[in-house]
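Here, each number is a calculation from the coordinates, and none is a lab measurement. This one's a predicted model, so the numbers in the text were calculated from it and none came from an experiment. Backbone-built Cβ (ideal geometry, glycine too); neighbour counts: all protein chains shown.
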Amino acid sequence: MSIQQEKAALARIITALLPLGWEPCKLDDGGDDLIDLSHMDTEDVVENCAAVDMCHLHFRDEACRVATVVIIWGNSPEELIADATMSHGFDEALEQAGAWQE
């Protein structure tokens with residue numbers, strides 16, 4: 001599977017989560033500090049995520065609840081999200097966003 005297909009899948013997921021009230025807010029790429037994503041567009045968020053083999057992408061909703069997805073690159077778009085928060089309605093939002101669809 002190509003990295004471009006995985007990047008496109010992540011961009012679709014992020015774009016689908018935005019109208020559901022979930023916005024990317026921070027990225028843990030394994031470095032010392034979290035990366036603030038609040039002023040980045042979807043393309044920049046995807047590029048920051050893709051700069052490492054594995055990362056934790058944090059989302060915030062309007063009630064300031066935080067949810068996380070663990071992203072592992074190099075498998076397939078369907079397996080891009082290796083783990084995710086399953087509370088605060090985030091699991092339903094991921095399902096609606098098509099996170100596990102081809």
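How far, in nm, would the chain grow between VAL70 and ASP91 when pulled straight, counting 0.36 nm per residue and subtracting the alpha carbon separation?
Working: separation 21, 0.36 × 21 = 7.56 nm, distance 1.33 nm.
The span from VAL70 to ASP91 would gain 6.2 nm if fully extended.
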After finding the eigenvalues of the alpha carbon gyration tensor for the chain, what semi-axes result from the square roots of 5 times each, listed largest first in whole Å?
18, 16, 12
Pair ASP32, ALA16: separation of 7 Å Cα→Cβ label points (nm):
3.9
